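To keep things clear, I will list the structure first and then write my remarks on it.
Every number here is computed from the coordinates shown, using simple stated rules; none is lab data. Everything numeric here is computed off the predicted structure, so don't read it as measured data. For neighbour counting, all protein chains shown are included, and Cβ atoms are generated from backbone atoms with ideal geometry for every residue, glycine included.
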Amino acid sequence: MEDNTKLIEELINKAAEYGKTSFELAKLKALDKTSDVISSVAPHCVVLVVLTVFMLFLNLGFALWLGEILGTVFYGFIVVSAFYAVIAFILHFFMHTWLKRHVSDFLIKHALK
């Protein structure tokens, strides 16, 4: 009888250890996937920041040049901002679902890799 209780105790201890080990494994897998996604997205973010700074100075130069042609500096800024308002309108109303799908596909592809 004592052997049965000893076996049951061992079985319970091993089941508890298995549960702890399984939980630790799940945590490590989640950490691995999270770090993989972040490490895949981080270089894209750096490139995006550099391109944003480039576009900022390009647009400032273009607005100043256009303002010089139009005779008043702020006219150039108005034209450039109107251009971006049209682009934002098109992106929001016509390409919103397309952009959302591509971004989510990118993140899912890297998460499941």
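Brief remarks follow.
- Debye, to nearest 20: dipole size of region 1-110, +1 on Lys, Arg Cβ, -1 on Asp, Glu Cβ: 460 debye
- Glu17/Lys109 FRET efficiency (R0 41 Å; Cβ-Cβ; nearest 0.05): 0.70
- Under 29 Å, Cα to Cα: Lys pairs in the chain, sequence gap 8 or more or different chains: 19
- Per-residue ellipticity at 222 nm from helix content only, as computed over the chain with -39500 (n - 2.57) for each DSSP H run of at least four residues, stands at -34500 deg cm²/dmol.
- Estimated at 0.36 nm per residue, the fully extended path between Ile90 and Thr5 surpasses their Cα-Cα distance by 23.3 nm.
- Axial C-alpha extent at least 30 Å, average Kyte-Doolittle at least -1.0 - helices from the chain (DSSP): 2-70, 73-94
- Taking Lys and Arg as +1 and Asp and Glu as -1, the other residues whose beta-carbon sits under 14 Å from that of Phe94 total +2.
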